[in-house]
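Visitor: The structure's right below; bear with me while I get my questions together.
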Amino acid sequence: MTSCIDVQYVSKSYGKTVALYDVSFSIPCGESYALLGPNGAGKSTTLRLLVGLLKPDTGTVRIDGHEPFSPEAKSALGYLPEDASPYRTLSVRENLEYIAALRGVKDVAEATDRFLDELALREYERAKVGKLSRGNMQKLSIALALVHKPKIVLLDEPLNYLDIPTQERVFKMLKGLESTMIVSTHIMSIATRLTEKVLMIARGKIVWNGTIDTLKGMEVGDESIESVVARLMTGAS
Amino acid sequence: MLPKLVKFVLLTRFSKPLLGLVAFFLIYDTVIRGVIGGTGSSNFSGGFAYYAIGSSIFFIVMSLLFGGLFILKSDRDYLLTLPLRRRDLSISLFIAQFVGSGITILFLYGFYVAGAGSLEDTIVLVANLVLLACLVTSLGVISNILQVWKRVGLAIVLGLWCLSTLLGFEFTPVSSFTGQLVYGSVVLFAVTAIAVPVALRELAYLELGSIRSLLRSTSTEYKKNMSFSGKGPIRVIYSYHLSFLELMGRVNIGGSTSYRTARIKTSTVLVISIVAAAVYVYLTGFSALAGMPLTVASEHFTPAVFVIPIFMGVIILVLMSQGTFSNERGWLAFTAMDPAMYIRHLLLSRVISALAIIGPFGVANLILALLGLMTGLDAALVLLVTVPSASILATYLVARIGAVQQVKEEGMMPGQFDLRQFLVILPTYFVIGLIIVSEIFLTAAIVIAAALTVVATLLMIIPSVWRGIAYRLTQRGFV
């Protein structure tokens, strides 16, 4: 199966702090992975390297066979960072139209209207983003990450700040995507509902890579999957 | 408790190296003044009074218009909820405001006391300077609780009051700088005595005042949406930035500091600028002011022709270097297209929109040159070529040294204010120097404008320069 994401021997440091060390993994097209790891493990750095916002010190990153900053990779990727903030001086609709047009979406108005309705943002269409509640800002951010129907989706804590009905709506939307997906999260229920496989990272290294079913199979007695994950992460550190 | 609180408030807002540099400047100024000493006779006439009053008006007006609070998000969540004595809290926050904004005036110590001859005059002028710094600090705080029209109105009233000093009115807050030491000091003390308690009270109850009004101050909806539908990727960048002038980021003019987001229609700015430029042509070319020359390096100038390019240059440099990236969203823009291409068009579009402010004044100066005021030619060259090119360089330098901060929440400092942010002033001073030289010598104006244009163009066409900036911004926490 072709790899949509291919990372080989990547290291990245911020000054003297090593964020990632000699990391390698591949994600076949169409598969969904949860990126798990303790705070400061290097999850956000991994996503930023994949999306081309950071450059690796060593190693290579390929998105659908292309360099992350190439136009091909840019059009294939949709990215949602943690605590995402859209353009504060634009309205909700302006944000969606601006980014859709910037990404070369053919029917900008149609794409905008679709997301306004799907994420129940219609009533905030003209609202200034700086005045939105954190939950509505997160809904808009999700829409902005997906507005161009990306082939590869990278999401960092996508359900933060969302109320339960909206979470369900987003679950449904993400499950309906036929994209390759990496979801970085601390919440196992999100990982198990959205993905089939897990990439576990601790102290800048990949410490476990496998299926959610395998993880469940590692439960001892009435141990929860969270305990298994904690055990693996702690063992790694 | 108070000393500990002051220390905490200062160190959470300003880095130690920055505080060290501030202390160094103050000591340096004092020592230099002490060594040079007075001339023995006071000289408040001519250029000194003109510039001392002009600078004071600049500081007062800018504090009122762009005043901001040195408040962190964590203050709102933690500090303001602690059971602290309100008096201690307000004094601590006022000291932080003073260090962050009012102290800028004290850096001009040498300049402001230049007219004093005797030790007595020096002491009085220094006292005036400290009062002026407290007044400017207080006005920066007070501006946060005032609606825009009240802020502008008060700025106009205070500005005109101070300006009346030049017409011989003695009872103004700045008349000390024309030699009216007693009247000037008394009036300045009185005004400061009103402003400081108001500011202290405001700082004591921030969560009930400024922070609440900040959240409520503007409407939550735009009356009309901009449409980007049917436009290509490059065209939308221009469409966005040519439609509105964005005031975003750490607006730092005349020592005032605020973190704001606002957008103003470029067409509105252009109309205001054209009207102002027409008034400028009339006042400079046809009115009595035209016969009020200023001599610099043996050359005669009309003051406005000399001062306006400097003033506008500073505004454009601040707007460009601080505002270009602080509202940018790397996760959206830099992932949608090559950051080099995006930033290149972003900068060009912002330079074009900045010309809506300075362009009419550039044309006005060309008209003045045609009317025979040849220094207008220098000023036009500065406004139409030097400042736009320099603003691209300044934007690059400020981003390169990592001095720009991303605004994620209005009204709050995004983080500690460190030496890097302080250093952003250096490119501005450098450009001011170039502008002054350009205005004195036409040949220098042509050479400087050409050189800056070549450097800015080269910088713009090298993709790795702007990709590097995008990586750097991400590493500095831009999302």
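Visitor: Please count how many residues of region A:81-105 are of a type in the set (A, V, I, L, M), farther than 14 Å from residue B:336 by Cα and at the interface with chain B (Cβ under 7 Å from one of its Cβ atoms).
Guide: 1
Visitor: Tell me the helices (runs of 4 or more DSSP H) entirely within region B:193-303 that contain at least 1 residues that are within 14 Å of chain A (Cβ to nearest Cβ), out of contact with any Asp or Glu (no Cβ under 6 Å at 6 or more places or on another chain) and modelled with pLDDT of 80 or more.
Guide: B:233-243, B:266-285
Visitor: Hey, could you check region B:50-107 for residues that are part of a loop (DSSP other than H, G, I, E, B) and either of a type in the set (Ser, Thr, Tyr) or farther than 19 Å from residue B:3 by Cα (or both) and say which is farthest from the chain's Cα centre (by Cα)?
Guide: Within region B:50-107, the match that is farthest from the chain's Cα centre (by Cα) is B:78.
Visitor: So is residue B:456 free of Cβ contacts under 8 Å to residues at least 12 places away in the same chain and either out of contact with any helix residue (DSSP H, G or I) (no Cβ under 6 Å at 6 or more places or on another chain) or not in a loop (DSSP other than H, G, I, E, B) (or both) or not?
Guide: no
Visitor: Regarding residue A:73, is this residue at the interface with chain B (Cβ under 10 Å from one of its Cβ atoms) and either aliphatic (A, V, I, L, M) or assigned to a helix (DSSP H, G or I) (or both)?
Guide: yes
Visitor: Still on this structure, I have one more. Of the numbered conditions (1) away from chain B (no Cβ under 14 Å); (2) within 15 Å of the chain's Cα centre (by Cα); (3) assigned to a strand (DSSP E or B), residue A:22 fails exactly one; give the number of that condition.
Guide: (2)
Residue by residue, here is whether (1) surrounded by 22 or more Cβ atoms within 10 Å (Cβ to Cβ); (2) part of a helix (DSSP H, G or I); (3) among the charged types (D, E, K, R); (4) within 17 Å of the chain's Cα centre (by Cα) holds:
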site	(1), (2), (3), (4)
B:386	yes, yes, no, no
B:390	yes, yes, no, yes
B:396	yes, yes, no, no
B:406	no, no, no, no
B:415	no, no, no, no
B:426	no, yes, no, yes
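Visitor: Go through region A:113-128 residue by residue and tally those that are more than 22 Å from the chain's Cα centre (by Cα) and either within 12 Å of chain B (Cβ to nearest Cβ) or surrounded by 14 or more Cβ atoms within 10 Å (Cβ to Cβ) (or both).
Guide: The number of residues fulfilling the criteria is 7.
Visitor: Can you pull out the residues in region B:369-384 that are within 19 Å of the chain's Cα centre (by Cα) and over 15 Å from residue B:304 (Cα atoms)?
Guide: Of everything in region B:369-384, nothing turns out to be within 19 Å of the chain's Cα centre (by Cα) and over 15 Å from residue B:304 (Cα atoms).
Visitor: Sort through B:36, B:91, B:71, B:105 and tell me the only one that's modelled with pLDDT of 85 or more, assigned by TED's automatic domain parsing to the domain that holds residue B:197 and not polar (S, T, N, Q).
Guide: Testing whether each residue is modelled with pLDDT of 85 or more, assigned by TED's automatic domain parsing to the domain that holds residue B:197 and not polar (S, T, N, Q) leaves just B:91.
Visitor: Now a separate question. Take the residues of region A:81-127 that are of a type in the set (Gly, Ala, Ser) and in a helix (DSSP H, G or I): which is farthest from residue A:44 (Cα to Cα)?
Guide: A:109
Visitor: Does any residue of region A:54-67 turn out to be touching a Ser or Thr at 6+ places or on another chain (Cβ under 7 Å), surrounded by fewer than 23 Cβ atoms within 10 Å (Cβ to Cβ) and at the interface with chain B (Cβ under 10 Å from one of its Cβ atoms)?
Guide: For region A:54-67, residues touching a Ser or Thr at 6+ places or on another chain (Cβ under 7 Å), surrounded by fewer than 23 Cβ atoms within 10 Å (Cβ to Cβ) and at the interface with chain B (Cβ under 10 Å from one of its Cβ atoms): absent.
Visitor: Further, regarding this structure: Please go through region B:223-242 and pick out each residue that is touching a Lys or Arg at 6+ places or on another chain (Cβ under 7 Å) and closer than 17 Å to residue B:269 by Cβ.
Guide: B:239, B:241
The values are calculated or read from the model by the stated rules, or taken from the named source; none is laboratory data. Source: prediction; values computed, not measured. Positions of Cβ are generated from backbone atoms using ideal geometry, with glycine treated the same way; all protein chains shown enter the neighbour counts.
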